[in-house]
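**Student:** Just passing along the structure, written as structure tokens.
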Amino acid sequence: MSKVSIIEVKTADHLKQFVRFPMDLYKNNPYYVPSFIKDEMKIWDAKENPALQYSESKQFLAIKDNKMVGRIAVIINHKEEKELGIKKVRFGWIDFINDQEVSKALIQTAIDYAKEHNIDKIEGPMGFTNLDKAGMLTMGFDKLATMIGIYNHAYYPEHLESLGLIKEKEWVEYEMNFPKVLPEKVEKFSGLIAQKYKLSVLKFKSKEEILPYVEPMFKLLDETYKHLSTYTPISDEQIKTYKEKYFPLIDKNYVICVVDENQQLVSFAITMPSYSKALQKSKGKLFPFGWWHFLQAAKKNDRANFYLIGIHPEYQRRGVTAIIFKEIFVRFTSMGINFAETNPELEENKSVQLLWQDYNPVNHKRRRTYSLEINDTRE
């Protein structure tokens, strides 16, 4: 039996192999959606990724029979340790062929890295921060992936569980057939809530008019989710990076901002037309022709994805979501959107899941991170 070799990524060529591996692994898979190659390369560049200012990481390739058969990245987020007291090695970007020896070698690499740093726990798949992709797919392998979700084969969780890793966190995702008629209570309460709290929806004439609200959106995101035990605040550097990465893809018609009488942001929702098929056609490259597929997806699409939603704590449980959903209904209807899909939501975050209750949501995907206490492992 051939031995699996683990090689640390130290050259530009190795990094390209690391980034491209899943594209080869899922080459004929109709549900896998590739990331932009250029963006994936930037993740490991300290000049491009502000999370590397407070994190350390390494990437590894798995080689067997002179072929690349897997990959994994390991990360230590020192900000997480300092602010939340959580000390662990995050592992992510984990992909492998259906070979137990390969997955075992990759997980052992994460274990060894943790031991080198006197850390007793590993958890993944996850990235550097809360806004990075996280969670291994455990249900929904026959569903088209989204731009912000990880896709993986059904054998992935089976391999990790056989190696002794256990469930740490669980996320759920929902799909909805968008209604042809706005639910009566949404129609009724949206007007009452807007009048009671003197709220209004901003009307953007151009995408550039959204720019002044980008930073307030991220700050409001912090306020919305800071109660979650694993949430760490978003830095100004990260806001800048995410703005540069995603703003070009934003359509003003898919951004809803609700403000009070002083024009202060109290709630927002960012949705996008589904770019999954466009990413598949572009094969991870915006140029020379990938941009065309994205342009077409933005112009004509019957599916939308929810990406971010934030509600100031003072306005939570006060019906403000009725205003947002009425506005979304009006816009989606005019654009021919028939289906909507949520982003991954922590299973424990019931308040966010309640937002979809009037739209007959179907839980079509589940994902989880797996963890292992190093002291429980056997040499």
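The values are calculated or read from the model by the stated rules, or taken from the named source; none is laboratory data. Keep in mind it's a predicted model, so treat the numbers as computed, not measured. Positions of Cβ are backbone-derived with ideal geometry, glycine not excepted, and every protein chain shown enters the neighbour counts. Accessible surface areas use protein heavy atoms only, side chains included; no ligands, DNA or RNA. Shrake-Rupley method; radii C 1.70, N 1.55, O 1.52, S 1.80 Å.
**Student:** Probe radius 1.4 Å, ligands and nucleic acids ignored: give me the carbon and sulfur share of the accessible area of the chain as a rounded percent.
**Tutor:** On the way: 9430 of 18670 Å².
That fraction is 50 percent.
**Student:** Per DSSP H run of n ≥ 4, the term is -39500 (n - 2.57); total these for the chain, divide by its residue number, and report the mean residue ellipticity at 222 nm rounded to 500 deg cm²/dmol. Walk me through the numbers before you get to the answer.
**Tutor:** Details: 12 runs with 126 residues, N = 379.
One gets -10000 deg cm²/dmol as the mean residue ellipticity at 222 nm.
**Student:** Let me ask something additional. How much of the DSSP beta bridge set in the chain is antiparallel, as a percent to the nearest 5? Show your work: numbers first, answer last.
**Tutor:** Values: 54 of 59 bridges.
Of all bridge pairs located within the chain, approximately 90 percent are antiparallel.
**Student:** Over the range 110-211, what number does the Rg to Rh ratio reach, with both radii from the alpha-carbon atoms and Rh per Kirkwood?
**Tutor:** Numbers: Rg = 21.7 Å, Rh = 18.7 Å.
That ratio equals 1.16.
**Student:** If I build a Gaussian network model for the chain, linking alpha-carbon pairs within less than 10 angstrom, which residue out of R71, R318, R366 has the largest mean-square fluctuation?
**Tutor:** R318
**Student:** K326: which lysines have alpha carbons under 23 Å from its alpha carbon, excluding same-chain residues fewer than 8 sequence positions away?
**Tutor:** K180, K185, K188, K196, K198, K203, K205, K207, K252, K299, K300, K350
**Student:** Something else about it: Could you give the spread of the C-alpha atoms of the range 231-295 along their three principal axes, from largest to smallest, in whole angstroms?
**Tutor:** Over the range 231-295, Cα extents along the principal axes are 45, 26, 20 Å.
**Student:** On average, how much accessible surface per residue is there in the range 286-379, in Å², for a 1.4 Å probe, leaving out ligands, DNA and RNA? Mind showing how you got there, number by number?
**Tutor:** Numbers: 4980 Å² over 94 residues.
Spelled out: the 1.4 Å probe surface of the range 286-379, per residue, equals 53 Å².
**Student:** Follow-up. Expressed as an acute angle from 0 to 90° and rounded to the nearest 10, what is the orientation of the C-alpha long axis of helix 12-25 relative to the principal long axis of the chain?
**Tutor:** Helix 12-25 and the main axis of the chain meet at about 70 degrees.
**Student:** How much of F91 can a 1.4 Å solvent probe reach, expressed as accessible area in Å² and rounded to 10?
**Tutor:** Accessible area of F91: about 0 Å².
**Student:** Moving to a separate point now. Counting Lys and Arg as +1 and Asp and Glu as -1, what is the net charge of the other residues whose Cβ lies under 15 Å from the Cβ of Q195? Can you show the working numbers first?
**Tutor:** Details: positive: K188, K196, K198, R318, K326; negative: E187, D260, E261.
Spelling it out: positives minus negatives among the neighbours equals +2.
**Student:** Where does the range 64-141 land on the Kirkwood hydrodynamic radius, alpha-carbon pairs, in angstrom? Before the final figure, lay out the partial values.
**Tutor:** Details: mean 1/r = 0.0740 Å⁻¹.
Evaluated on the range 64-141, it is 13.5 Å.
**Student:** With contacts defined as alpha carbon pairs under 8 Å and 6 or more residues apart, what's the relative contact order of the range 179-337 in percent? Walk me through the intermediate numbers first.
**Tutor:** Numbers: 196 pairs, mean separation 51.6, N = 159.
Computed over the range 179-337, the figure is 32 percent.
**Student:** Right, next: Take the alpha carbon atoms of the range 179-337, find their radius of gyration, then divide it by 2.2 N^0.38 Å using N residues; give the quotient. Don't skip to the answer; put the middle values down first.
**Tutor:** Working: Rg = 16.7 Å, N = 159, 2.2 N^0.38 = 15.1 Å.
For the range 179-337, the normalised Cα radius of gyration is 1.11.
**Student:** If you take the beta carbon distance between W292 and D45 as r and set R0 to 22 Å, what does 1/(1 + (r/R0)^6) give as a FRET efficiency, to the nearest 0.05?
**Tutor:** Given R0 = 22 Å and the Cβ-Cβ separation, E is 0.20.
**Student:** Turning to a different aspect of this structure: Taking K and R as +1 and D and E as -1, what net charge do the other residues with C-beta under 13 Å from the C-beta of R71 add up to? All intermediate terms of the calculation are to be shown ahead of the outcome.
**Tutor:** Details: positive: K16, R20, K58, K64, K67; negative: E8, D24, E40, D95.
Neighbour charge sum, excluding R71 itself: +1.
**Student:** Pick from P313, P183, P248 the residue whose mean-square fluctuation is largest in a GNM of the chain, springs joining Cα atoms under 10 Å.
**Tutor:** Ranking P313, P183, P248 by mean-square fluctuation puts P248 first.
**Student:** Please state, as a whole number in µm²/s, the translational diffusion coefficient that the Stokes-Einstein equation yields for the range 7-131 at 37 °C and 0.692 mPa s, with Rh defined as the Kirkwood radius across alpha carbon pairs. Display every interim value, and only then the final one.
**Tutor:** Details: Rh = 15.2 Å.
Diffusion coefficient, whole number: 216 µm²/s.
**Student:** For helix 184-197, what angle does its Cα long axis make with the longest principal axis of the chain, in degrees from 0 to 90 and rounded to 10?
**Tutor:** 80 degrees
**Student:** Here's something else I'd like to know. Angle check, please: helix 100-116 long axis (alpha carbons) against the longest principal axis of the chain (alpha carbons), in degrees 0 to 90, nearest 10.
**Tutor:** That works out to roughly 90 degrees.
**Student:** Next question, about the same structure. Starting from the exponent 0.38 and prefactor 2.2 Å, build the expected Rg for the chain from its residue count and divide its actual Cα Rg by it. All intermediate terms of the calculation are to be shown ahead of the outcome.
**Tutor:** Working: Rg = 21.4 Å, N = 379, 2.2 N^0.38 = 21.0 Å.
In units of the 2.2 N^0.38 Å rule of thumb, it is 1.02.
**Student:** If you count only protein heavy atoms and use a 1.4 Å probe, how large is the accessible surface of Y113, to the nearest 10 Å²?
**Tutor:** The accessible area of Y113 comes to roughly 10 Å².
**Student:** Give the Cα extents of the range 132-174 along the principal axes, in whole Å, largest first.
**Tutor:** Largest to smallest, the principal-axis extents are 30, 19, 17 Å.
**Student:** I need the fraction of alpha carbon pairs in the range 246-354 separated by more than 21 Å, rounded to a whole percent. Provide the component values of the computation, followed by the final result.
**Tutor:** Numbers: 2522 of 5886 pairs.
Tail fraction, whole percent: 43.
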